[in-house]
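Notes for the one structure printed next.
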Amino acid sequence: MSATRLPNRPGAARRRWLRRYGLAALGGAVILTWGLTALLAGYVAPHPPDLVNVANRLQPPSAAYWLGTDVLGRDVFARVLFGARTSLAVGFTVVILASLFGTILGGVAAYARGWVEEALMRVTDLIFCFPPIILAMAIAAALGIGTRNTVIAMLVVWWPKFARLARSLVISQRAQEYVAAAQVIGFGSAHILLRQILPNALGPLIVLVTLDLGNAILVFAGLSFLGLGVVPPTAEWGSMVSEGRELVSQWWVATFPGLAILSVVIGFNFVGDGIRDWLDPHARRR
Amino acid sequence: MLRYFLSRLMAAALMVLLATLVIFLIANMVPGDPVLTQLGDIAANNPDMVAAFRHRWGLDLPLWQRYWLFLTGLFHGDLGISIASQRPVLEDIAQYGPATVELSTIAFLLSLSIGLPLGVLAAVRRDSWIDHLARSVSLIGVSAPTFWLAFIMLAVFYGALEWAPGPGQISASTFPPPEVTGIMLIDAPLAGDWDTFQDALGHLVLPSIVLAAGTMGLITRTTRAAMLEALSQDYIRVARAKGLTRRAITLGHALPNALLPVVTLGGLAYAQLLTGTVLTETIFSWPGLGRYTFQSAVTLDFPAIMGITTVVAAIYVIINLLVDVSYAALDPRVSRR
């Protein structure tokens with residue numbers, strides 16, 4: 001036993017780990033809980049989410065209705081649980097598709113250089129001329145209301161940031177010697193880009209994806225709040241807040257779905273920060 | 001420096017022009033039809049009415065011709081006529097613009113005056129309670145949905161405590177001051193009407209806090225990170241060794257070097273505030289551009305959408321340009337690339 005080794009007080013390692021990754025673990029637990037909720041909402045919810053019961057409208061939280069009921073007497077708790085499905089599904093769809101598209105485009109631009117790069121990057125600059133929510137709003141309104149159309153609208157405005165990041169990452173990797181070595185060996189461009197450069201540039205992309213998931217959920221909830229997201233009566237957090245926005249004394253209708261959004265977004269923030277610290281020890285403890 | 005500025009200005013103008021093409025194509029290639037949203041049910045079923053409507057708004061012309069009309073109008077300072085309001089889009093923007101400028105400027109000043117000192121303090125007293133406070137506040141600021149935050153603020157400070165006035169720019173019982181700038185906080189004192197000034201200021205409190213929350217979080221985070229970076233540099237150690245006070249080191253040595261990323265973020269944040277008021281304005285019944293944009297988008301009011309997005313893109317590009325130029329001014333190496 002090394003009782004004389006000062007730094008190793010009992011539990012010191014665990015404390016250090018908690019300091020470093022405690023919040024990330026907490027965020028991960030929150031996300032995991034919401035993920036399970038989304039999958040199991042049908043089994044967990046005490047009432048069906050769309051069951052209208054006008055006689056029971058606007059009941060405060062009680063043993064029967066944990067989070068109260070809304071204007072149509074629907075169970076707010078059940079609707080919050082089911083709302084996780086839409087929010088998580090949309091968040092993941094938008095960010096994963098946008099990151100794939102943006103990364104490919106940015107990677108190709110950086111690897112090709114010349115006019116290809118110039119053209120591709122000017123297109124991304126053009127999308128950056130608009131605030132995301134304005135452009136997404138205009139497109140979503142023009143396409144017609146519905147989750148699929150809103151996702152398409154968000155995709156249009158979402159990919160450029162990944163294209164920019166991927167481009168800068170690939171440019172910095174290109175200068176590395178292992179790329180020159182791969183070229184000398186005779187690997188093709190696609191192989192070098194996908195099998196050599198991409199794995200080395202993946203870290204920052206994963207961090208952005210994680211942090212961005214919360215962002216996408218926020219923007220979708222905002223569009224939904226404006227009536228440009230889901231079609232009623234689908235349970236969705238943003239539209240639930242919208243339904244309860246005038247009900248100041250029946251605060252539970254709008255408060256709980258908002259808290260759900262807040263918890264998911266904070267969760268993704270914690271996880272994203274944790275991954276960044278883990279990948280980049282230099283930036284740790286900033 | 002001038003050459004640098006001019007070349008950037010040309011590039012920016014070209015960007016805005018291309019951006020109008022993008023928004024034009026998007027707005028016109030989607031399936032939405034303004035006939036259905038603008039005409040009533042009865043009129044929309046009458047082919048003559050529909051044809052007349054299309055002809056009136058040029059919707060029967062080929063795409064390139066419509067874009068050409070838009071461009072020639074743009075160069076004559078004419079953004080066309082809004083289908084919904086039947087007024088020139090430029091007049092609409094001039095009417096709703098000041099309220100948005102007022103709200104977002106106050107929100108920007110608020111987020112800067114809290115975020116900057118909080119970020120500096122958090123970095124100087126790292127891991128203290130104020131650091132934890134700064135990090136929690138900025139985390140909630142960037143993570144909370146604006147529209148929900150607005151609801152909570154209204155429910156607590158207007159509904160329950162009655163500390164703040166409700167939605168709207170001024171109370172219904174207050175007469176708006178004669179319009180000079182359209183900005184209440186300027187027009188009311190100009191008319192010597194301090195009661196209205198107070199009323200308008202009161203109505204600004206809640207929406208500006210809500211709008212500022214996200215920006216303040218970003219500014220706090222960026223300032224804190226930039227200050228930590230600056231404080232770990234060698235010249236700080238030198239300054240300490242010379243025996244400078246902590247205050248002189250923080251404000252005189254570290255802060256100026258930490259400001260560059262904050263300037264970039266600040267510019268972007270202001271652009272985002274100016275153009276990102278849709279949700280806040282909707283909830284607080286604020287008569288600004290955000291609500292106008294939203295109305296135009298859902299009614300497919302093409303001239304209004306084109307006009308407002310052109311203006312928005314111009315604001316975005318110009319602020320980005322100013323940020324770049326201020327960079328060049330702060331750091332002479334930039335313009336001598």
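Just so it is clear, none of the values below were taken in a lab; they were calculated from the coordinates. Since the structure is predicted, the reported quantities are computational estimates derived from the model, not experimental observations. Positions of Cβ are backbone-derived with ideal geometry, glycine not excepted, and every protein chain shown enters the neighbour counts.
Results, tabulated for the structure shown:
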read-out	value
Principal axis dimensions, largest first and in whole angstrom, of region A:145-286 by Cα	70, 37, 17
Principal semi-axes in Å for region B:92-205 [√(5λ), Cα gyration tensor, largest first]	32, 17, 13
Label-zone membership for region A:132-157, site B:ASN45, 7 angstrom Cα→C-beta point, backbone N under 14 Å	none
Calculated FRET efficiency for the pair B:TRP163/B:GLU229, C-beta based, R₀ 51 Å, to 0.05	0.80
Compactness relative to 2.2 N^0.38 Å, alpha carbon Rg of region B:96-161	1.37
Convex hull per residue volume in Å³, alpha carbons only, for region B:121-272	160 Å³
Positive minus negative residues near A:VAL76 (Lys, Arg vs Asp, Glu; Cβ under 15 Å)	-1
Radius 14 Å from Cβ of B:ALA239, net charge of other residues (Lys, Arg +1; Asp, Glu -1)	+4
Kirkwood hydrodynamic radius over Cα pairs of region B:41-99, then Stokes diffusion coefficient at 20 °C and 1.002 mPa s, in µm²/s	163 µm²/s
A:SER62-A:ARG20 FRET efficiency (beta carbon distance; Förster radius 51 Å; 0.05 resolution)	0.75
Between region A:184-228 and region B:206-265, the alpha-carbon center distance in angstrom	30 Å
Residue-averaged beta-carbon neighbours from other chains (10 angstrom radius) around A:252-263	3
For chain A, built as a Gaussian network whose Cα springs stay under 10 Å, the top-fluctuating residue of A:GLY272, A:GLY146, A:GLY229	A:GLY146
For region B:203-337, average projected area of the Cα convex hull in nm²	11.2 nm²
Most fluctuating residue given options B:ALA13, B:ALA134, B:ALA99, as computed from a GNM of chain B linking Cα atoms under 10 Å	B:ALA13
Descending Cα extents along the principal axes, chain A, whole Å	76, 68, 30
Residue order, fewest to most surrounding Cβ atoms within 10 angstrom, among B:VAL238, A:VAL108	B:VAL238, A:VAL108
Translational diffusion of region B:189-235, µm² s⁻¹ [Kirkwood Rh, Cα pairs; Stokes-Einstein; 4 °C; 1.567 mPa s]	95 µm²/s
Among B:TYR270, B:TYR235, B:TYR327, residue whose mean-square fluctuation peaks in a GNM of chain B (springs only between Cα atoms under 10 Å)	B:TYR235
Zero-based 5 Å bins, Cα pair distances in region A:81-186, whole percents	2, 12, 17, 18, 16, 12, 8, 6, 4, 3, 1, 0
Distance from region A:70-112 to region A:118-155 (C-alpha centre basis), Å	15 Å
Ranked list, fewest to most other Cβ atoms within 10 Å of each Cβ, for B:ASP78, B:ASP234	B:ASP234, B:ASP78
Mean separation of Cα contacts under 8 Å (6+ apart) over length of chain A, as relative contact order %	25 percent
Kirkwood hydrodynamic radius (C-alpha pairs) into Stokes-Einstein, region A:1-129, 25 °C and 0.890 mPa s, D in µm²/s	123 µm²/s
For region A:150-196: Kirkwood Rh in Å [reciprocal of mean 1/r, alpha carbons]	12.4 Å
q = 0.14, 0.21, 0.25 Å⁻¹: log10 I(q)/I(0) that the Debye formula gives for region A:40-109, counting C-alpha atoms only	-0.53, -0.82, -1.00
Kirkwood Rh and Cα Rg combined as Rg over Rh, evaluated for the protein assembly as shown	0.98
Along each principal axis, Cα extent of region B:80-119, largest first, Å	48, 12, 12
Compactness of region A:202-261 as Cα Rg over 2.2 N^0.38 Å, two decimals	1.34
Where only alpha carbons of chain B are counted, the Rg and the Dmax (Å)	24.0, 86
